[in-house]
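Notes for the one structure printed next.
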Amino acid sequence: MKRYICLLILLVVGVSACNDNFLNTEPTDMLSTEQLVKDPNAVKAYFATLYDLMPIEDFNFCNGRFNQFPGDGFGYLSNYVDETITSNKYYGSEFGENWKEIYKLIRNVNDFIVEINKVEEILAPDVLNTYLGEARFIRAYAYFSLVKRFGGVPVLLEPQVVVDGDVEKLNIPRNTEDEVWMAIRDDFEFAVQNMTGASEYGRANKYVAAAYLSRAMLYAGSIAKYGKLEYDGLVGVPASKANEYFQTSFNAAKLVYEEGGYELFNKVQDKSKNFSELFLEYESNPEIILAKGFDYDATKSTHSYDILCTPVYFIPGGYAGRQAPTVDILEKFEYLDGTVGPILTLNDDGTRKLYEHPLDLFRDRDPRLLGSVIAPFSQFRGEEISIQKGIHVDGSFKKGNYYNQYYHSDTKEINTTISSVRATGKYGGSFRSCLSGVYMRKYIDPNTDPKLLGVWKSRTHWIDMRFAEILLNMAEAAQELGTDRTLALTAINMVRERAGIRLLDDEELTIERIRHEREVELAFEGHLFWDLKRTRNLVERFQIWQPRRMDLYYSLDFNGYFVSFSITDGPKTYENKQYYNRIPQDEININPLLKQNPGY
């Protein structure tokens, strides 16, 4: 049985069309004892409020804030690494203003747990356990969002009460990072043990909780193995705990794999199209474990990802194509035979390589590449997306400065006056009109009504957890443990087989190969930044790094295409202190027991 869960943004934040019952549930922040016992719909409404506050890093999470519109389009997690242009940097001060909101969610959960336990003798045990499991799932999700940023934070597992008006007694110090991870594990495990294996759309269940347990414990194990324990344990996890956390991650992923009923999306014969369709199909999608739904018709206010990614010319305003994949991520996609190599600009003899057609640049590459990006002269919205920077004529390169320009052989000029020779693409080519030389395809629906290509009009669902990640979590945890290699190999090869590339043999199964698979399978989904942080590879990877864009020229001399690369901006360098965020100074002013993180 497939168990598809769709989280919903409610009221002014947005609404999902996954399920009318939960969709139309009005959130409430108060429950009476009578409602807890007699009115399941009232409890559902309260849970809708809790879900609404969950810190999900979706299309509206940018510049470290939730429910935001990135005016420049550059504040997503993919911009913090080498996935998309521009070279935004994560400074460690982001996210501070969300501290209060996440603790508000935690306090609401704690209040609910206390109140529901007051009526435990009246509620049926299975109902009580389901309520408690769901509440603790949400609390674990909230603490996971905090610990991966700040390390140790105060762990509140019950409501705080002001005694004799002394508010200062509510101040408590930070727990160690390891204590936070243990609290997260306890909550997710309680949810796994006490919830049923199925739920209505919009609600967590046993296997959803197990999926997030797998993700969180893989993170904790990585910190223990690759991080550094310091500051009296406020940051870092004891190295001796690494295998314990990896084992928990593996067991949870295996549970989802064996019992959850999920499958990889595999409905379209064309492998590239199948991969792009994965992110556009919801209720019949067997891969989705947890998604966050949006519905333009219900709210008129959802997210804006389409306008930030759709190619110029489709978008009359100035936001088109802001989320632009770098050459760096394009070259990470393997060839069909499993080898890795750069996009070639030169022949073996040092002469420029001529391509008959721009798509030949990606010939025999992993089909997920063209399922993730819109390459030059590929199809989108029924049109050929011409992306071209200029022309090569009389042995020289001439570039345009905007999209949809033409070359005039009599004057040797490039301008917007139409001629028989196109100089720049209708859909861009210069930096101003196509930032990287390719456009984003993942999550962009080519069938979206053009009227909805605007600010706060997109309604594509955000997939927060999918089965492919579970397979890769299981493979990585097994590899870290040095056990269950057969299952690990099976898991990663399931992902590769769906992609349409050569399967790995046992000798090729390494931790580096598994991490590489995560990069291409989960590209642009907000994972790479956190993966580099947990494995402590962020600083090493980004030392004066600069993103590359692809420049395509049509050669009138040779009747083909030349390609070159150029630096767009940067550079980007990270420091060790940025493995953790700065504790918000406002919170330290309120609670002097909070210690600031090292380096800030």
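Calculate how steeply helix 511-521 sits against the longest principal axis of the alpha-carbon atoms of the chain, using the helix alpha-carbon long axis, and give the answer as 0 to 90 degrees to the nearest 10.
Once rounded, one gets 70 degrees.
Would you be so kind as to identify which of 218, 204, 188 lies farthest towards the positive end of the dipole of the chain, taking Lys and Arg as +1 and Asp and Glu as -1 on Cβ and the Cα centre as origin?
218
What is the sum of charges, Lys and Arg at +1 and Asp and Glu at -1, for the other residues whose Cβ falls under 14 Å from the Cβ of residue 392?
Working: positive: 352, 353, 389, 398, 399, 412, 422; negative: 394, 551, 557.
So the surrounding residues net to +4.
Going by average Cβ density within 10 Å per residue, which order do the peptides 452-460, 146-154, 53-61 take, highest to lowest?
146-154, 53-61, 452-460
Stretched out fully, how many nm does the piece from residue 65 to residue 576 gain, at 0.36 nm a residue minus the Cα gap?
Residue separation times 0.36 nm, minus the Cα-Cα distance, leaves 181.7 nm.
Return the loop-located trypsin sites (Lys or Arg not before Pro) in the range 549-595 (DSSP other than H, G, I, E, B) with at most 16 other Cβ atoms within 10 Å of their own Cβ; answer none if there are none.
Here the trypsin sites (Lys or Arg not before Pro) that fit, given the DSSP loop and packing criteria, are 595.
At 222 nm, what helix-only mean residue ellipticity would the chain give, in deg cm²/dmol to the nearest 500, using -39500 (n - 2.57) for each DSSP H run of four or more?
-10500 deg cm²/dmol
So how strong a dipole does the chain carry about its Cα centre when Lys and Arg Cβ are +1 and Asp and Glu Cβ are -1, to the nearest 20 debye?
Charge dipole, the chain, about its Cα centre: 1380 debye, nearest 20.
Excluding residue 500 itself, what net charge comes from residues whose Cβ is under 10 Å from its Cβ, given Lys and Arg +1 and Asp and Glu -1?
Result for the neighbourhood of residue 500: +2.
Within the accessible area of the range 304-461, what % is carbon and sulfur when the probe is 1.4 Å and the other protein chains stay in place?
For the range 304-461, the apolar C and S fraction of the accessible surface comes to 48 percent.
Nothing charged except the Cβ atoms of Lys and Arg (+1) and of Asp and Glu (-1): what's the magnitude of the dipole of the range 405-558 about its Cα centre? Round to the nearest 20 debye.
Working: 23 positive and 23 negative charges, 159 e Å.
Its charge dipole is roughly 760 debye.
Let me spell out the model: positive unit charges on the Cβ of Lys and Arg, negative unit charges on the Cβ of Asp and Glu, origin at the Cα centre of the range 310-383. What dipole size does that give, in debye rounded to 20?
Value, rounded to 20: 400 debye.
Determine the sum of side-chain charges near residue 272: Lys and Arg each +1, Asp and Glu each -1, restricted to other residues whose C-beta is under 13 angstrom from that of residue 272.
Once positives and negatives cancel, what remains is +4.
Compute the acute angle (0 to 90°) between the alpha-carbon long axis of helix 40-52 and the principal axis of greatest extent of the alpha-carbon atoms of the chain; round to the nearest 10°.
On a 0 to 90 degree scale, this one is about 50.
Hey, of [x] 28.6; [y] 45.2; [z] 38.7, which did the structure itself give for mean projected area of the Cα convex hull in nm² when calculated?
Evaluating mean projected area of the Cα convex hull in nm² on these atoms matches [x].
The values are calculated or read from the model by the stated rules, or taken from the named source; none is laboratory data. As the structure is a computational prediction, the values presented were derived from the model and not from experiment. Virtual Cβ from ideal backbone geometry, glycine too; neighbours counted across all protein chains shown. For accessibility, only protein heavy atoms count, side chains too; no ligands or nucleic acids. Shrake-Rupley method; radii C 1.70, N 1.55, O 1.52, S 1.80 Å.
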